[in-house]
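The values are calculated or read from the model by the stated rules, or taken from the named source; none is laboratory data. If you're wondering where the values come from, they're calculated on a predicted model, not measured in any experiment. Counting neighbours? That spans all protein chains shown, and the Cβs are built from the backbone with ideal geometry, glycine included. Side chains included, ligands, DNA and RNA excluded: accessible areas come from the protein's heavy atoms. Shrake-Rupley method; radii C 1.70, N 1.55, O 1.52, S 1.80 Å.
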Amino acid sequence: MPCRIIKGETLETKSEEQELIKLVSDILSKVRTNGDDAVKYYTRLFDKVEMDRVLMTEEEIKSMIDAVPD
């Protein structure tokens, strides 16, 4: 069920809504408790991306801004 909800499908029942609220609350709690480690974990889980760090360098930010079309 959580994967279905996260993929953007419509919630059909009150219990699905409550399950989503609990899922999001659990994720936020883990991020508050475990910080960057939790962010990396959820990024790997949901986005399938391995991160060695969370913050971007100034050069990376500038490069991303420059890559955005006008």
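Data overview
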{"quantity": "Count of residues meeting criterion [hydroxyl-bearing (Ser, Thr, Tyr), open to solvent by 100 Å² or more (accessible area, probe 1.4 Å) and either closer than 25 Å to ARG53 by Cβ or at pLDDT 95 or above (or both)] in the range 6-42", "calculated": "2"}
{"quantity": "Hits in the range 43-70 (condition: on the phi < 0 side of the Ramachandran plot, under 22 Å from the mean Cα position of the chain (by Cα) and surrounded by fewer than 10 Cβ atoms within 10 Å (Cβ to Cβ))", "calculated": "ASP47, VAL49, GLU50, ASP52, ARG53, LEU55, THR57, ILE65"}
{"quantity": "Positions within the range 32-45 being aliphatic (A, V, I, L, M) and more than 18 Å from MET56 (Cβ to Cβ), in sequence order", "calculated": "ALA38, LEU45"}
